[in-house]
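Following: one structure in structure tokens, then a few remarks.
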Amino acid sequence: MLRNSIESGLMRALVRRADTRAFPMVVGGVAAAATLSMSVPFATLLVAAVLMAPRRWVAISLWSSLGAALGAAVLYLIFHHLGWAKLFAAYPDVVRSIAWRDATRWLAQYGVVALLVIAATPLPLTPALMFAAISRLPVTEVVLALWTGKLVKYLVYAWLASTFPTRWITRAHFRLMTLNAVLGRAGKVQARSRPP
């Protein structure tokens, strides 16, 4: 219920400012807030924002990735400050999850590159971020990996969202025209084959 109210509030913030010049920056702020909440997936908000301003999809992606990376950097610092014992006590479900096991294995083996890949994919970021923080990976490298990964992911999502309706309508229109042509030919053939 709390997650839904947070998500609704963030969506209202987007809708109120969709027509302003600062909209991409607002989306970046929403990305930071969604990341800090650790419960609201930002991807749906990003798609909604791009559908509100499809021509600004690149700026929305850039600001969103920056906001998400800054929000994740704050979480990194909080998790780092908590340390192992407090982290396990505060988030017992996360540290027992499959995502935690995978993230710890990947980060132990590949370091910051694994964090970049996780940030660029739909995999859960929080467990990897927690492990990175308590593993004391360098903050600047972590923030750069997070920003780069989020930028790649958000550019893809935003591009798809900005082109999806147009591409879908064009493809549907082409198929409808083809179907009409086939049906028209079938009707002519059927009319010719009838006896007078």
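Quick notes
- Every pair of residues 6+ apart whose Cβ atoms lie under 6 Å, when the first sits in the range 133-147 and is farther than 19 Å from Thr104 by Cβ while the second is part of a helix (DSSP H, G or I): Val143/Ala69; Val143/Ala73; Trp147/Ser65; Trp147/Ala69
- Qualifying positions in the range 125-146 - buried (at least 21 other Cβ atoms within 10 Å of the Cβ) and of a type outside the set (A, V, I, L, M): Pro127, Phe131
- Count - residues of the range 90-115 that are over 22 Å from Ser39 (Cβ atoms) and more than 22 Å from the chain's Cα centre (by Cα): 5
- Counting only helices (runs of 4 or more DSSP H) wholly contained in the range 1-120, the ones carrying 1 or more residues that are at pLDDT 85 or above and surrounded by 19 or more Cβ atoms within 10 Å (Cβ to Cβ) occupy 2-17, 23-37, 42-52, 57-90, 98-110, 112-120.
- Residue pairs whose Cβ atoms lie under 6 Å apart, sitting 6 or more positions apart in sequence or on different chains, and linking a residue in the range 79-95 that is without any contact (Cβ under 8 Å) to a residue 24 or more places away in the chain to a partner that is assigned to a helix (DSSP H, G or I), are Phe88/Val95.
- If the condition is being more than 18 Å from Ser8 (Cα to Cα) and aliphatic (A, V, I, L, M), then the range 21-59 contributes Ala22, Met25, Ala53, Val58, Ala59.
- Subset of the range 121-175 [part of a helix (DSSP H, G or I) and modelled with pLDDT under 85]: Phe164, Pro165, Thr166, Arg167, Trp168, Ile169, Thr170, Arg171, Ala172, His173, Phe174, Arg175
The values are calculated or read from the model by the stated rules, or taken from the named source; none is laboratory data. From a predicted model like this one, the values you see are computed outputs, not experimental measurements. Note that each Cβ is placed from the backbone with ideal geometry, even for glycine, and that neighbours are counted across all protein chains shown.
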